[in-house]
Amino acid sequence: MTNLPDVSFDPTNPDPRCACVLVLDTSGSMYGEKIDQLNQGLVAFRDSLQTDSVAQSRVEIAIVTFGPAQLLQDFTGASQFNPPTLAASGDTPLGAALQQALDMITIRKKLYRDNGTPYYRPWVFLITDGAPTDNDAWKSAAVRIKDEESRKGIAFFSVGVEGADMEVLKQLSTRPPLPLKGYSFREMFVWLSASLGKVSQSQPGQQVPLTPPEGWTTV
Amino acid sequence: MSWRIAKASIIGSGHIGANMPCQDSHYVMQIGDTLIVAVSDGLGSAAHSEIGSKIASEQAVTHIANYFDSLKPPKKRLQWWPFPAKPAPKTQPEPDTLETVCRTAFTVARDAVGVRATAERKELRDFACTLLVAVVTPNDWVVMHIGDGAVVGILDDEATRTLSTPDNGEFINMTMPLTSADYLTHLRFNHKAEALRGVALMSDGVQPMCINFKTGEAYDGFFRPIIQWLRTLNLVDTDVSMQKLLDTPRFRQKSDDDMTLVLALREPNP
């Protein structure tokens, strides 16, 4: 038996991070069962993330809601993530909310770089049940999203709840929008949590094959 | 002046779980006083990258070794022809030739991977891998690098200095491989007339422990104890010991990726 050396590791090296911004529609049309189910979905999201110890230390969640567009929660480590209870009211300024989410990611990435924190491609996850009410603001957001996607700067996903303008969602990104089956927010968030968990455990250089969304959408 | 070397590539716990092979490879040769080391990390996204990394590291080292072999003085023969003997060929590498040979090693390695890909009727990208090569002669070192991983030089006073830092894409899960079309533009080449006491090459699995993400500096608290330790090891045990070291829970906890560390030290003159 050989003795092993007493090495120490560079203590300043942080774990890699995976940022995810949830862009959630809280306009008046979400009132009632939709928003209740969405809230329950968020709780399921938290619970699901907490079963994954790697995701807990690597995934960071932020929430932007719209109606009006506002930052509800800045980036929070998955271990401390506690979703606020959403209430539905107001119109659907989808474009402004997306712009805000993209700004946040730009700032976050700069922070990662300044701190020498390695990071995965951040996710933007949009959920809406309507059509944008802020004129053509969504079009400039779409240009930004497509630009970022082509540079692999973000991964953009959109989910259309019953009543959503799927044509607008289609134009937001090259990745097709997913229609939500009924109000199965819970299943959707469990999938999201599992997918983020997979990404955060991936190796550098690895393209992560995601589990196809099942049970909550009709592709 | 010979070398004391400890080297190991071990499979990452994440790869065991995902039923993937160890995709890291390394290859080392000594020609006279010169040490040639390659480390290659097969990309997780490529189906046969463990083959790519093996071929790339072996071919790159062998190509450079052939050059140093050709510099050895020929064996003395009995002179029977009454002409004056030819002047002895050079036994030290010309700086320009050395650089050309080293650069060519990357093309040779890539071509060899390409031949295998063609033979198996697969795409070159299915064999995608990074490649780090270090050549240490008594007076010079050459370090070449595509992708992540790092090379650390051990200076005469046992202080360490990073000779080549990782080149990640923007994100941790993006790396530029040897198999990419514009690989030569991503090849980072360093040649310095400086005598090294040793050299360490590692794949990205070992990087978080000892290379500062922000500055790229080598962490002394990591290298010093390992250097001291390697000096005390029985020469037949070095590789097994290195494997045991990487396989300890502390290393496993920090990285679930494949891990490769090659550490080479010049033996003191007798």
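All conditions but one from (1) in a helix (DSSP H, G or I); (2) touching a Ser or Thr at 6+ places or on another chain (Cβ under 6 Å) apply to A:ALA96; the one that does not is (2).
One line per residue, one yes/no per condition, for (1) surrounded by 18 or more Cβ atoms within 10 Å (Cβ to Cβ); (2) at pLDDT 95 or above; (3) within 19 Å of B:HIS191 (Cα to Cα):
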| position | (1), (2), (3) |
| --- | --- |
| B:THR97 | no, no, yes |
| B:ALA112 | yes, yes, no |
| B:VAL115 | no, yes, no |
| B:ARG121 | no, yes, no |
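Look at (1) crowded, with 16+ Cβ neighbours inside 10 Å; (2) of a type in the set (A, V, I, L, M, F, W, C); (3) within 16 Å of the chain's Cα centre (by Cα); (4) not in a helix (DSSP H, G or I) and you find that A:ALA88 fails only one, number (3). Close Cβ contacts (under 6 Å, 6 or more residues apart or on different chains) running from residues in the range B:187-213 that are at the interface with another protein chain (Cβ under 8 Å from one of its Cβ atoms) to residues that are of a type in the set (Lys, Arg) comprise B:PRO208/B:LYS254; B:MET209/B:LYS254.
The residue that is modelled with the lowest pLDDT, counting only those in the range B:241-253 that are facing chain A (nearest Cβ under 8 Å) and surrounded by 12 or more Cβ atoms within 10 Å (Cβ to Cβ), is B:ARG250. If I filter the range A:101-147 down to residues being touching a residue at least 60 places away in the same chain (Cβ under 8 Å), among the polar types (S, T, N, Q) and outside any loop (DSSP other than H, G, I, E, B), which single residue comes out as nearest to the other protein chains (Cβ to nearest Cβ)? Only one residue tops the list, namely A:ASN115. When each of A:GLY90, A:GLY95, A:GLY41, A:GLY77 is tested for being more than 13 Å from chain B (Cβ to nearest Cβ) and at positive phi, the lone residue that passes is A:GLY90. Pairs meeting the criteria (first residue in the range A:167-192 and touching a residue at least 60 places away in the same chain (Cβ under 8 Å), second residue of a type in the set (Val, Ile, Thr) and crowded, with 18+ Cβ neighbours inside 10 Å, beta carbons under 6 Å, at least 6 apart or on different chains) are A:LEU172/A:ILE145.
For B:PHE222, are the conditions met, namely being under 20 Å from B:VAL151 (Cα atoms) and either hydroxyl-bearing (Ser, Thr, Tyr) or within 7 Å of chain A (Cβ to nearest Cβ) (or both)? Yes: the conditions hold for B:PHE222. For first residues located in the range B:114-130 and within 14 Å of chain A (Cβ to nearest Cβ) and of a type in the set (S, T, N, Q), partners that are in a helix (DSSP H, G or I) and crowded, with 16+ Cβ neighbours inside 10 Å and lie 6+ apart or on another chain with Cβ distances below 9 Å form the pairs B:THR130/B:SER53; B:THR130/B:ALA56.
Number of residues in the range B:18-30 that are more than 20 Å from B:VAL151 (Cα to Cα) and touching a residue at least 12 places away in the same chain (Cβ under 8 Å): the value is 3. Take A:SER200 and decide whether it is in contact with a helix residue (DSSP H, G or I) (Cβ under 7 Å, 6 or more places away or on another chain) and surrounded by 18 or more Cβ atoms within 10 Å (Cβ to Cβ). Considered against the rule, which asks whether it is in contact with a helix residue (DSSP H, G or I) (Cβ under 7 Å, 6 or more places away or on another chain) and surrounded by 18 or more Cβ atoms within 10 Å (Cβ to Cβ), A:SER200 comes out as yes.
The values are calculated or read from the model by the stated rules, or taken from the named source; none is laboratory data. Remember, it's a predicted structure, so these values are computed and weren't measured experimentally. For neighbour counting, all protein chains shown are included, and Cβ atoms are generated from backbone atoms with ideal geometry for every residue, glycine included.
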